[in-house]
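Input: a single structure, listed below in structure tokens.
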Amino acid sequence: MELQDKVVIVTGGGSGMGRDACLALARAGARVVLGNRRQAEGEALVAAITAAGGTALFRPTDVSRPADCAALVALATDRFGRLDGAFNNAGLQREFNDIHDTPDEDIADVIDINLKGVMYMMKYEAAAMLASGGGSIVNNSSIFGLKAMPRLAYYVAAKHGIIGATRAVALDYADRGIRVNAVCPGPIKTPSYDRVTGGDDEMYSGGVPMHRIGAPGEVSAAVLWLLSAQASYVTGAALPVDGGMAAA
């Protein structure tokens, strides 16, 4: 994947898709700089990567805070002198509700973390990549960035916003060496998915044309490809990793 020694940031790197991406990047030889709100998870992952012979750094990061986003990027550039890639993965989902029953704090928190967090990270990453001579940014949207889901308007709005921002920023830097794309996962077996389903892996598989939920590694494979030079002519794309849901 041509990622050896590349410096790559991953937000929400302590669990789920972010954790798997960090491990995959480290196996590919990248130097991983991960941000996560839960410090114990981040430190444990750095220890695991280091024990396996990889290179990783961690900083506690709340992507809803611009200063945290700037500091995570600064950690990468201060320690390694450059930034080559980023997987802006941090996000959350709250309860299913009609919009009139959705708590204000659920709307605020999900927009702040899922959408504003991606915007803040791209702002500081783009500046660092311009100084480094270019790079690749991958944002984690969702299948619900491409289609709607009942009783989840706040989350759907944030994920649609990520795709719009991805496309706009891709155009901003298309001729300056920075590619910007999004992945749109369907149901993926993660701790977050288990919280929603109570651990029932079949709860949403009936809505997937492949009749199964996905594994984090299937998302990581798409992320690593988009980060690599193999995707050198791809920018502004929203890539479904969803077992066919976007086509249905």
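The values are calculated or read from the model by the stated rules, or taken from the named source; none is laboratory data. Nothing here was measured: the structure is a model prediction, and the numbers come from that model. Neighbour counts are summed over all protein chains in view; Cβ atoms, including those assigned to glycine, are modelled from backbone coordinates with ideal geometry. SASA here: full protein model, heavy atoms, side chains in, ligands and nucleic acids out. Shrake-Rupley method; radii C 1.70, N 1.55, O 1.52, S 1.80 Å.
Here is how the numbers come out for the structure above:
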| item | result |
| --- | --- |
| Accessible area of the range 105-188 divided out per residue, in Å², using a probe of 1.4 angstrom | 36 |
| Entry for mean projected area of the Cα convex hull in nm² (calculated from the structure that is shown) out of (1) 17.8; (2) 12.4; (3) 14.1 | (2) |
| Fluctuation leader among Thr166, Thr50, Thr11 - the chain, Gaussian network, Cα springs under 10 angstrom | Thr50 |
| Under 16 Å from the Glu2 label point (7 Å along Cα→beta-carbon), backbone N, the range 29-48 | 29-30 |
| Loop trypsin sites (Lys or Arg not before Pro), the range 36-81, which have at most 15 other Cβ atoms in a 10 Å radius of their Cβ (DSSP) | Arg38 |
| Nearest 10 degrees, 0 to 90: helix 216-227 Cα axis against the chain principal axis | 50 |
| Extension gain (nm, one decimal) between Gln39 and Ala67, 0.36 nm per residue minus Cα-Cα | 8.4 nm |
| Total formal charge among the other residues, if their Cβ is under 11 angstrom from that of Ala30, Lys/Arg +1 and Asp/Glu -1 | 0 |
| Residues with amide H under 5 Å from that of Leu57, placed H, sequence gap 5 or more | Val32, Val33, Leu34 |
| The range 97-123 residues near the modelled Arg195 label - backbone nitrogen below 19 Å, point 7 Å along Cα→Cβ | 97-98, 102-118 |
| For the chain: relative contact order, % (alpha-carbon pairs under 8 angstrom, 6 or more apart) | 20 |
| Of Asn140, Asn97, Asn36, the one that fluctuates the most in a GNM where the chain has Cα springs shorter than 10 Å | Asn97 |
| Label point distance in nm, Ala248-Glu202, each placed 7 Å from Cα along Cα→Cβ | 1.6 |
| Highest average packing first - 18-29, 55-66, 168-179, Cβ atoms within 10 Å | 18-29, 55-66, 168-179 |
| HN-Hα J in Hz across the range 13-26 - Karplus 6.51, -1.76, 1.60, θ = phi - 60°, x for Gly and Pro | x, x, 8, x, 5, x, 4, 4, 5, 4, 5, 5, 4, 5 |
| Residue of Val46, Val196, Val219 that the Gaussian network model of the chain assigns the largest fluctuation, springs spanning Cα pairs under 10 Å | Val196 |
